[in-house]
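Data first, discussion second: the structure below is written as structure tokens.
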Amino acid sequence: MPHSSNLLAFALVSLGMVLTPGPNMVYLVSRSICQGRAAGLVSLAGVLAGFLFYMVCAALGVTALLLAVPLAYDAIRLAGAAYLLWLAWRAVRPGGHSPFEVRTLPVDGPRRLFLMGLLTNLLNPKIAVMYLSLLPQFIDPAQGSVLAQSLALGGTQIAVSMAVNALIVVSAASVARFLAERPGWAQLQRWLMGTVLAGLAVRMATEARR
């Protein structure tokens, strides 16, 4: 199992990333506002299935990589730090839009809602890069099986994402109205997330190789 400090740090990274606007959040919010909470939750189930797919693939790939090329850690660490900085810039750049802006979507059945949630996540480059570049930073071979640590960290990310996204789905309409009436809060949310992600990037870039 991962060290408790690594597990907590990865949970914080996962929280920062799930709160950063992206395709998943935009789709879930739009679907929840247009078609209701039940449709949003079915769509979320598809998104979570996509997370599970990436977790298994990344866990197996990370295991092979760290066993075969231990020095690849530094390259992955710097790539992950650069990616977090890019996400931080996207959060605070001028002209950014809130994912809670209402978008019109057609009414779909449960099967299509699930598949659209799955495809939205599978085609989301943020998720792929997160598992390939960020997850290895929190694995310590001295703590035991790399595969087991990868699955534990991935499970943590999925749990965090499920909890936050479920809360977003059930409160999307209320949050959308709140932010529409108070645009300053949307700006504050973006700067807060940008600051957190930038701080994590600096920590990752300056961390010595384990």
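The values are calculated or read from the model by the stated rules, or taken from the named source; none is laboratory data. Since we're looking at a predicted model, the values are computed, not measured. Note that each Cβ is placed from the backbone with ideal geometry, even for glycine, and that neighbours are counted across all protein chains shown. With ligands, DNA and RNA removed, areas are computed over all heavy atoms of the protein, side chains included. Shrake-Rupley method; radii C 1.70, N 1.55, O 1.52, S 1.80 Å.
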Simple SL model, points at 7 angstrom along Cα→Cβ for Trp191 and Ala128; separation in nm is 3.5 nm
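Give the peptides 116-122, 144-150 in descending order of average Cβ contacts within 10 Å, highest first.
The most tightly packed comes first, giving 116-122, 144-150.
At a 1.4 Å probe, what is the % contribution of carbon and sulfur to the accessible area of region 15-61?
79 percent
Determine the gain in length on full extension of the stretch Ala142-Val56; use 0.36 nm per residue of separation and subtract their C-alpha separation, reporting nm with one decimal. Walk me through the intermediate numbers first.
On the way: separation 86, 0.36 × 86 = 30.96 nm, distance 2.14 nm.
Stretched fully, the Ala142-Val56 segment lengthens by 28.8 nm.
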Between Ser5 and Ser174, with labels modelled 7 Å along Cα→Cβ, what's the label distance in nm to one decimal, could you check?
3.9 nm
